[in-house]
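The values are calculated or read from the model by the stated rules, or taken from the named source; none is laboratory data. Everything numeric in this text was worked out from a predicted model, so none of it was measured. Cβ coordinates were reconstructed from backbone atoms using ideal geometry, including for glycine residues, and neighbour counts include every protein chain displayed.
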C-alpha cells in the first residue's frame, strides 16, 4: 500500500523546488513550493499543453499561477527537460540542445509539399485568411487537398467565416503548430531579416515589401469574422447532422 503518511507530510524547500525571494513568511513559502509541485504533476501527466486557466481550477485558491509557472520554468532551465510556454499553456519538452538524442526514436512525419509549406506560412503570418486570400498572395490556385493536408496535420484550423459575400471560411494556426515549431506565441515567428538570413526571402525584395504582424491572440475573432455555428460545422463536415423529428 502507498505510504499515505508520507504523502500528507508538508514539503520542505530544497535545491530544486526553491521559491522566489522577497517573502519571509515560511508558511507562505512552503505553500508556494507545494503549488509548484502540484502544477508540475498536472503538466507532467497531461498529453497536451495545460492552460493557466485549467491549472488555476485545480490548484488551491489564491495561488498566483503565472508566478508559479515562471518559478518552475526557471527551475527547469538547465535540466534535460524544460518547461515551455505554448500560447497560454504549458508543457514539458526535451531541452533543445538534447533533441538529437530523441531523433532516432521520433516517428517519421510525412513531409509537406512545397505548396503546403507555402500555404502554411501564409496562414501563419496572415491569419485570419480565406482560401481566395491565400491564392492572391501565392499568385496561383490552392487545391482543396493542400488545405485538407494542413487540417489533418493539426497545425491549421477553420476559425470562422468572413463577413463578405459567400461568407468564406477563414483559416488560422493551432496550438499544435506553436508546439511543433517551438514557439511561445505567433509573434515569435521569424521576421523579415531572419527569413532573409536563412535564405527564405530574396535580398532583392522591393523596398516597400513588409511582413504582416501576426495577431497577438489568434483565438480572438477579427472584426470582420463570425464564429462557426453548428450549421456551419455540419455544412463543412465537422459535425454530424442532427436527425429529423420523424
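Remarks
- Segments classed as helices (runs of 4 or more DSSP H), wholly inside segment 47-145, with at least 3 members that are touching a strand residue (DSSP E or B) at 6+ places or on another chain (Cβ under 7 Å): 65-75, 114-126
- Annotation note: of 233, 183, 178, the sole residue that is out of contact with any helix residue (DSSP H, G or I) (no Cβ under 6 Å at 6 or more places or on another chain), at pLDDT 70 or above, surrounded by 13 or more Cβ atoms within 10 Å (Cβ to Cβ) and in a loop (DSSP other than H, G, I, E, B) is 183.
- The condition of being more than 30 Å from residue 144 (Cα to Cα) and surrounded by 16 or more Cβ atoms within 10 Å (Cβ to Cβ) holds for residue 34.
- Out of 87, 71, one residue alone is closer than 22 Å to residue 159 by Cβ, surrounded by 16 or more Cβ atoms within 10 Å (Cβ to Cβ) and not assigned by TED's automatic domain parsing to the domain that holds residue 172. It is 87.
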